Every structure is written in C-alpha cells, then in structure tokens.
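To keep things clear, I will list the structure first and then write my remarks on it.
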Amino acid sequence: MWSSGSQVLYREVAHGKVWTARPVTVIQDAQDLVALSFRNRTRWKVCAPSYAGTDLLHCKANLRPWQLNDVVWSRGDTVFLIIPGMAHAVHVQWDPQQRFVGWYVNLQEPIRRTSLGFDFLDQELDIVVSPDLDWRWKDVEHLEQAQRIGLFSPEQASAIVQEGQEVAEDIRRGAVPFDGSWNDWKPPSDWTTPSLPDGWDQVG
C-alpha cells in the first residue's frame, strides 16, 4: 500500500506497452478505495498514432503502431477515485480556477498494482455527470467501433455497458462520490506537482 503523499504513476498499458502515463499523488490507498490527485499543469504522456490518418482504436487493437507524446494537462485538477476490483473510475473534476465542474466516469479494466503505481486500460465507454447529477453516455460509437475491429467481443462490450448502468444507478441515488463528499477536497499546500520518474515506460 502507498502512503498518502506518495508520488506514483497511473498508467494505461496495452499489449505490454505504455498507452498513457500520468504522474499522480496518492491521497488514499486502502482496500476499499484508491484516491489519486492529478494536478493541473502536470506534464504526462499520451498515445498518438505513428502514421497520419491512423485511428487510435486500431492502435489499441494492436493493428497499427503508436507513439507517446508529451502533453501538459490544462483542464484543472482531477481526483481519480477507484474501488479495487471494479471496472471503472470516477474522476472528480475542477476547472483551472478551482471551481467544481462535475464527475467523469471512466469505464476501464480494474487497476493492477505495480512497483511504480497502478496500471489499467480504458474501455472506451464513459459517462459525463454535471454538478446537478444530470448525466449522459459518452463515446458510445467508440465502443461500437471497438467491437467491429475485434478489440472487444460482444460479451465484453455487454459487460462494459452493464458496469456503466450500475454506476448510472449510483448517480441517480446520489451515492458516494456523487453525494458531493469529494467536491471540496483540496491538496495539502506542501504537495508538489509530480513528474514522470525514471523507468516510467518499463512494463512487467
């Protein structure tokens, strides 16, 4: 278990290679909840096709090569809330002026612990939730395309949708964290913005 304040990596890994790499700070690491802080202006790595005109989903399906680009996160602070074993994460989001702007539910593989932090892989379908708990599906067409190219089987796609439907019920009920319990969280003043450590791209 990581202690609060530890700087770790939150990575997506596809086919044994890094897909994205975010340096984050651990807020909480417990059996029932992992909470990670991703600060505005953090420099991180994001996937991009190696060849112009290539669809990213074809890269994720290992049909085309990809590369990693340096980018700077500029949409405001985000807290990732993940229940170990569950196939989603809830992102609590603020804008660059530190105003709470809602939640984003990322349907994804359950997290895996590594010596660097936590690894997972996005599963395309998402849910966008406004501060008043109005919600909508996002990237439904990505999930459909992922099935067409063989990234997910029909059974896997069905399980992804089912996971999202269960989270949607939590949203309707205003269950944690959609009850606002994380909306006012702020990082301690002595926490610094982490950077990618040596070996960030090593998998296995």
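None of the figures in this text is laboratory data; all of them are computed from the coordinates on show. Here the structure is a predicted model, which means the values were calculated and not measured. We place every Cβ from the backbone using ideal geometry, glycine too, and count neighbours over all the protein chains shown.
Quick notes on this one:
- For the range 88-138, filtered to residues that are of a type in the set (D, E, K, R) and touching a Lys or Arg at 6+ places or on another chain (Cβ under 9 Å), the residue that is nearest to Leu196 (Cα to Cα) is Asp119.
- Look at (1) under 23 Å from Leu36 (Cβ atoms); (2) over 18 Å from the mean Cα position of the chain (by Cα); (3) of a type in the set (S, T, N, Q) and you find that Gln162 fails only one, number (1).
- From the list Ser115, Ser37, the one residue that fits, being out of contact with any strand residue (DSSP E or B) (no Cβ under 7 Å at 6 or more places or on another chain) and either crowded, with 17+ Cβ neighbours inside 10 Å or assigned to a loop (DSSP other than H, G, I, E, B) (or both), is Ser115.
- Verdict on Arg172 being of a type in the set (Lys, Arg), loosely packed, with under 13 Cβ neighbours inside 10 Å and touching a residue at least 24 places away in the same chain (Cβ under 8 Å): yes
- Counting only residues that are part of a loop (DSSP other than H, G, I, E, B), at negative phi and not basic (Lys, Arg), the range 44-87 holds 15 of them.
- Among the candidates Leu116, Leu125, Leu81, Leu33, residue that is aliphatic (A, V, I, L, M) and over 15 Å from the mean Cα position of the chain (by Cα): Leu116
- Qualifying residue in the range 140-157 (condition: under 27 Å from Arg113 (Cβ atoms), out of contact with any helix residue (DSSP H, G or I) (no Cβ under 9 Å at 6 or more places or on another chain) and touching a residue at least 40 places away in the same chain (Cβ under 8 Å)): no
Residue-wise test of (1) out of contact with any strand residue (DSSP E or B) (no Cβ under 9 Å at 6 or more places or on another chain); (2) buried (at least 18 other Cβ atoms within 10 Å of the Cβ).
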{"site": "Gly16", "(1), (2)": "yes, no"}
{"site": "Cys47", "(1), (2)": "no, yes"}
{"site": "Asp55", "(1), (2)": "no, no"}
{"site": "Val72", "(1), (2)": "no, no"}
{"site": "Arg75", "(1), (2)": "no, no"}
{"site": "His88", "(1), (2)": "no, yes"}
{"site": "Gln93", "(1), (2)": "no, yes"}
